[in-house]
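First the structure, in the form of structure tokens, and then the observations on it.
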């Protein structure tokens, strides 16, 4: 009786093993190219995780409906397997293992945020699985010598250094005094490094260099110091809570500073949540819909924004646009490689040189995109503050409005 | 280390005033905690999450076009029933067990609340704008956001209201009796079950008021509750249970301490310094207690 049971469970275990190994090796099934992605659908990154997923899905639908991917004379369609990583790096790495070794995925799309991409990259690297990611900008991702990691976005240290150059230019080429406050995470600290380099390059001086905690909701101390020492530029980067807290308290404390540069303004829906108080803030962005890049799938930025709005009922943040671009890069690479061999696809990815609606894409040996500059937009409102818009002001080539500098003091606003 | 704060007297004043206003708000949350700790002997780890939930109520009113300041009326009303609900579902099963079980239970409630709020309201950082403007002192060198003054004022009103209620009303007397000796109160005809439910409800209501005020003055986010729990825990252990002036004083003290730590050590150590202070106070109290024990020997 007991032996029977053991044999039975042994057989069923083998049967289970066989049945799973049949579904394995599913990278290309029939006419489908299966991509895998761990994505933050719950947890603290869930809103940006959803933007990323929407961006991926939009591009998959578009590419599939416009003829798919042609490899070896046959047409294939994209399909993505998603797992929820709960915004947790450990979980993300586990899921990457699972996607590759259990689901047999041989091509990966990145998760949301630098931290999670950092957790996944060693896994994809170990298995030699090419990963195109669109939401990990931390510079440390590109200095580890990863061969299978490609990022369509500009690295984090380039987010705000343009602002320092701009401030110096407005100061008649003379060095400026910089006050800065950065959260202590990989991304914000890289943005900080960019500012340090820009300061050194221009001979500018950093007079306040504060670090912000993860649970930030009060930065009155930093701002009081800013008021006391009067810098030329105030730089803040602390994700959405940093942007929201800074704007609220700058307005409440009537802090006058000629230039205010930030990250994550559009993710924070700054102009919607704060209205006229957010006016004149300069924000770093990977993409803006008014830029004039083109491709044959989405047309241009304005068309992309309109289609996205139609499908998902909100204006696409840059996180969605860059995610869509990742799929375009994959399609291009598959067709040039004309193969599903991971090594060949990887080499084709490395040789990418294309324009998408999101910007030009060309990868440096480290995997970062070096062909797409960051843009800075400024929040501009109409007279009664009922409508605020983000207008690109730098670099000059893409500018759709003129930078307002210095910011008018609170007593005149 | 940065000692700019002591070189510019206006900054010292600014930090002190900010700290006092903030501390009054902390004291309100701590008062709720002290109340239900004293009555039910439960340390509520979910205190901060109740605060955040109260904040979301004010935020949603703001989204619907109602001024978020009305949140200080609506939020405690709703939160009272949330509190009673939590009591009926979970707390009444752990109320007479040891402290460890109640900490575990409320810790579980805290995690559940965080995830539910994240699920229901999204992970975005949000805030409600009161449009109250700013009071400027000394030629604009010290600024006090009116929203902070408003929060401190409302906190004081609610605290005083509660003290009066505890002294004068029948339920207040019953709560105080239960806190002193639950068994004796029961024998004398107090329905302690009802008293416990009401106490937990009142605590949740106070959290609701504080949450509404926080959404007006700062920002709210599903995962931001824990620092408020820690702060109120700290205020209560410094002040002791049932010592309202003590709670108010140690609340303000903590607020000022935090602001100064922020200026001197940097914003990144703000919450860290609170944790450090908590450890120091616990060690000190243990030290004091052990000395007392030696006397007894």
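I need the calculated FRET efficiency for the pair residue B:64 and residue A:205, taking r as the beta carbon distance and R₀ as 60 Å, to the nearest 0.05. Result of the calculation: an efficiency of 0.80. Please report the base-10 log of the normalised intensity I(q)/I(0) for the stretch B:4-296, using a Debye sum with one equal scatterer per alpha carbon and no solvent, at each q in 0.08, 0.14, 0.17 (1/Å). Those come out to -0.35, -1.05, -1.47, one per q. For the stretch B:80-139, the square roots a ≥ b ≥ c of the C-alpha gyration tensor eigenvalues yield an a/c of 1.5 or more together with a/b exceeding b/c, which makes the shape prolate.
Fewest neighbouring Cβ atoms within 10 Å first, the residues B:29, B:57 line up as B:57, B:29. Reported to the nearest whole Å, the Cα centre-to-centre distance from the stretch A:227-244 to the stretch A:318-354 is 37. In this label model, residue B:135 and residue A:313 are separated by 4.4 nm, measuring between points 7 Å along each Cα→Cβ vector. Each DSSP beta bridge with both residues in the protein assembly as shown is either parallel or antiparallel, and the antiparallel ones are about 45%. Report the far tail of the P(r) of the stretch A:55-177, meaning the percent of Cα-Cα pairs longer than 16 Å. Here the tail beyond 16 Å accounts for 69 percent of pairs.
For the stretch A:283-381, the gyration tensor built on C-alpha atoms gives a prolate shape. Its axis ratio a/c (a ≥ b ≥ c) is at least 1.5, and a/b is the larger of a/b and b/c. Exposure proxy ranking for A:372, A:147, A:272, based on other Cβ atoms within 10 angstrom of each Cβ and starting from the fewest, stands as A:272, A:147, A:372. From the alpha carbon centroid of the stretch A:159-189 to that of the stretch A:253-291 is 15 Å.
Here, P(r) means the percent of Cα pairs in each 10 Å bin from 0 to the largest distance; for the protein assembly as shown it is 3, 14, 22, 22, 18, 13, 7, 2, 0, 0. For chain B, the mean residue ellipticity at 222 nm estimated from helices alone is -25500 deg cm²/dmol, where every DSSP H run of n ≥ 4 contributes -39500 (n - 2.57) and the total is divided by all residues, rounded to the nearest 500.
The overall shape of the stretch B:98-236, judged from the alpha-carbon gyration tensor, is oblate: a/c is not under 1.5, and a/b is no greater than b/c. A Förster radius of 45 Å, combined with the Cβ-Cβ distance separating residue A:31 from residue A:126, puts the computed FRET efficiency at roughly 0.95.
Its DSSP H runs of at least 4 residues, each contributing -39,500 (n - 2.57), put the calculated 222 nm mean residue ellipticity of chain A at -12500 deg cm²/dmol, to the nearest 500. Reported to the nearest whole Å, the Cα centre-to-centre distance from the stretch B:205-269 to the stretch B:8-87 is 9. This ranking places A:262, A:302 by how few other beta-carbon atoms lie within 10 Å of each, fewest first, which gives A:302, A:262.
The label-point distance for residue A:7 and residue B:194, in a model that sets each label 7 Å from Cα toward Cβ, rounds to 7.0 nm. Expressed per residue, the C-alpha convex hull volume of the stretch A:38-101 stands at 75 Å³.
The stretch B:202-265 has equivalent-ellipsoid semi-axes of 19, 18, 10 Å, by the square roots of 5 times the alpha carbon gyration tensor eigenvalues, sorted largest first.
The convex hull drawn around the Cα atoms of chain A, when projected onto a plane and averaged over every direction, covers 23.2 nm². Note on residue B:92 and residue A:174: the model spin-label points, each 7 Å out from Cα along the C-beta direction, lie 7.4 nm apart.
Read-outs: derived from the displayed coordinates by stated rules, not from any lab. The structure displayed is predicted, hence computed values, not measured ones. Counting neighbours? That spans all protein chains shown, and the Cβs are built from the backbone with ideal geometry, glycine included.
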